[in-house]
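All remarks here apply to the structure that follows.
Derivation of every value follows stated rules applied to the coordinates shown; laboratory data play no part. The shown structure was predicted, so the numbers you read here are calculated from the model rather than taken from an experiment. We place every Cβ from the backbone using ideal geometry, glycine too, and count neighbours over all the protein chains shown.
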Amino acid sequence: MIERATRAIVDLNAIAHNVREVRRRIGPACELMAVVKADGYGHGLVEVSRVFLANGADCLAITLPEEGETLREAGIDVPILVFGLIQPEEAAKVARFDLCQTVTSLELLEALDWAARLAGKTLPIHIKVDTGMNRIGLNPEDVVSFLHQTLRFKHLTVEGIYSHLATAYQADKTHAQEQLSRFADVLSALDHAGVEIPKRHIANSAAVLDLPQSYYDMVRPGLILYGLYPSEEVSRSIILKPAMSFLTKVVTVKTVPPGTPISYGGAYVTNKRTKIATLPVGYADGYSRVLSSRIQVSIRGKRVPQVGIICMDMCMVDVSDLEEIHPGDDAILFGEGLPVEEVASTIGTINYEVVSMVGKRVPRLYRNG
């Protein structure tokens, strides 16, 4: 891909470090499912998947069957779990790409069994249990009867059962502990019913850091693999290296007099003679309009304020405090010296969203260190 002024640099050595540290944390007996949904949290689906698998991950997790198609076409043949609930008519895609599907309904079981029979395959499935997220999943009391229903489907095999922790990133682990207790009760009920499921999992990134009792047979970290902590409230039991930096370059520099309106609407007006640099990055690249006149960027090692409304493709910064500034100079939007968490906090969101919303038209450049 042609390098444009605006680009996201992904440090593959950082990616490798993070997954190795997670592997060290969980030990060799526990499987590691790397979550690579949403284009690897914006870092690049295929590229990060290969690094994860080369450095300790056993399998992958996605949200859409189409993500599985991309991985299969890239030659990645490890087990891949689809988190998202699909429509019954999408079952053929799951069978075609040899994916493992999350299930919570008889209707989806029937569709998957039919698709698997037509493809001449047996498909693995994972059953999702709702222990307190209240998003998707079976009620705990319905799991045993649902498992018995799966036995009549000859082209499906129950490979796993899992749940998802809603508050493990918070300092107060009360709700997380309640969820773990409910999940343990479900597993106990299955044991009493004589049902054995090979892969039991509930640990997300925050639980990997803080709740080792949640590891079971497999953990499925996402954010920490990319070098970011789920919140300020989790422990730093693993030292992470952020993998993505978001940069652009100065395209023009000009000096304007006091009283000059900058950008759309003239909402920002200079109060003195001001040197303005224009950057070719905007909200279509994932640099949110909500950041307008509220954020800083780093140029030549110094922070300067962004001023005026951020446009679709461009924004302006006040570089009056820089003695020297030229077109072609790099501007760091987040990365070294300007953490992504600062950008997230400014617009009232989380680091997950900021890295994931870096636009598709922004090239990802992969570096080893």
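Each helix, a run of at least 4 DSSP H residues, gives -39500 (n - 2.57); summed and divided by the residues of the chain, these come to -8000 deg cm²/dmol at 222 nm.
Restricting attention to the stretch 12-226, the count of lysine pairs at 8 or more positions apart or across chains with alpha carbons under 28 Å apart stands at 16.
Mind telling me which of P124, P327, P230 comes out most flexible in a GNM of the chain, alpha-carbon contacts under 10 Å? Greatest mean-square fluctuation among the candidates belongs to P327.
Judged by the mean number of other Cβ atoms found within 10 Å, the most tightly packed of the peptides 275-286, 131-142, 30-41 leads the ranking 30-41, 275-286, 131-142.
Kyte-Doolittle mean at least -1.0 and Cα extent at least 18 Å along the axis: which DSSP H helices of the chain qualify? Mind dumping the intermediate values first?
Values: long enough: 12-26 (21 Å, -0.46); 106-119 (20 Å, 0.74); 174-192 (27 Å, -0.36).
Within the chain the helices that satisfy the rule are 12-26, 106-119, 174-192.
In loop segments of the stretch 295-369 as defined by DSSP, the GluC sites (Glu not before Pro) with at most 13 further C-beta atoms inside 10 Å of their C-beta are E323, E324, E336. In the chain, what percentage of the DSSP-assigned beta bridges are antiparallel, given to the nearest 5? If we restrict to bridges inside the chain, about 50 percent are antiparallel.
Computed packing ranks the peptides 114-122, 58-66 as 58-66, 114-122, most packed first, by mean other Cβ atoms within 10 Å. Residue by residue, the stretch 329-337 carries 3J(HN,Hα) couplings of 5, 6, 10, 8, 8, 7, x, 4, x Hz when phi is fed to the Karplus relation 6.51 cos²θ - 1.76 cosθ + 1.60 (θ = phi - 60°); x denotes Gly or Pro. Cα centroids of the stretch 146-208 and the stretch 97-126: how far apart, whole angstrom? With the stretch 146-208 and the stretch 97-126 each reduced to a Cα centre, they are spaced 19 Å. Here K275 is the anchor, and the lysines within straight C-alpha reach of less than 29 Å, apart from those fewer than 8 places off in the same chain, are K249, K254, K302.
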